[in-house]
Amino acid sequence: MRYSVKEEAEGPIGYIRLTQFSSNAAAEMKDAIDDLESQEVVGYILDVRSNPGGLLYSSIEIARMWLNEGGIVSTVNRQGVVDEEAANNRALTDKPLVVLVDGGSASASEILSGALQDNDRAQLVGSKTFGTGLVQSVRSLPDGSGVAITIAKYLTPSGRDINQMGIEPDIPVELSEEEQEALSENRDRIGTLEDPQYRRAQELLLQTVRAGQNTAIDMQ
């Protein structure tokens, strides 16, 4: 995971790129948010593009850092709901948030982005996510091979089946083949104004920040 501060006329914004939900991802995310809050950022862009997922509990812990209340994910098997995870009033920030997603965002990335979207905590920018929302168990066979059996699936707080649908962004921004190639050839462009999806996320975040600043002025 990496993060940085980007200076804008409206104030500094925090950019966090999360590439996998590893066992230490939640601790790294907490450190990043704490550091960015100390630098008085006015909003955040969270980038989970090309993040294939990882540990479920990691995505739940990270969702709780952005959400004070509301559901995060439900696990459902053939008998019905077997587990529901929710926010626990421990959000680290309530500042505006935009999440970047694409077709490489899968599994835990979809659980996190779906929870933030369903709770109106963040707007999603980019392209439709991969659509991986199954809980599988591997059973060993006598010949030494194994078979993966689906035992449950994940639903977003509003009941969307991630596996069937993926997560649709609020603001679709599709990259052309040329744009994808340019970013893959020079990965330093990712998360800069040369990255069309980031550029749109930045525009959206700054619009939200300006609206909040104007409201605060009106109230004074």
Exercise. Which residue, of ILE171, ILE190, is under 18 Å from LYS6 (Cβ atoms) and touching a Leu at 6+ places or on another chain (Cβ under 7 Å)?
Worked result: ILE190
Problem set entry | Answer residue from the stretch 6-51, given it is in contact with a helix residue (DSSP H, G or I) (Cβ under 7 Å, 6 or more places away or on another chain) and β-branched (Val, Ile, Thr) and is surrounded by the fewest Cβ atoms within 10 Å (Cβ to Cβ) among those | VAL42
Exercise. Hey, any hits in the stretch 93-103 for a residue that's touching a residue at least 24 places away in the same chain (Cβ under 8 Å), under 15 Å from ARG160 (Cα atoms) and either touching a Lys or Arg at 6+ places or on another chain (Cβ under 9 Å) or surrounded by 23 or more Cβ atoms within 10 Å (Cβ to Cβ) (or both)?
Worked result: no
For this session: Would you be able to say whether some residue in the stretch 139-155 is in a loop (DSSP other than H, G, I, E, B), in contact (Cβ under 8 Å) with a residue 24 or more places away in the chain, surrounded by fewer than 14 Cβ atoms within 10 Å (Cβ to Cβ) and among the small types (Gly, Ala, Ser)?
Result: no
Exercise. If you check every pair at least six apart or on different chains, which have Cβ atoms under 9 Å apart with a residue in the stretch 167-187 that is without any contact (Cβ under 8 Å) to a residue 40 or more places away in the chain first and a residue that is part of a helix (DSSP H, G or I) and of a type in the set (Lys, Arg) second?
Worked result: ALA182/ARG189; LEU183/ARG189
Exercise. Taking interchain pairs and intrachain pairs at least six residues apart, which have beta carbon atoms under 7 angstrom, with the first residue in the stretch 31-42 and farther than 12 Å from LYS6 by Cα and the second in a helix (DSSP H, G or I)?
Worked result: ILE33/MET65
Problem set entry | Residue among GLU85, GLU110, GLU69 that alone is at pLDDT 95 or above, over 10 Å from the mean Cα position of the chain (by Cα) and not in a loop (DSSP other than H, G, I, E, B) | GLU85
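The values are calculated or read from the model by the stated rules, or taken from the named source; none is laboratory data. This is a predicted model, so every value here is computed, not measured. Counting neighbours? That spans all protein chains shown, and the Cβs are built from the backbone with ideal geometry, glycine included.
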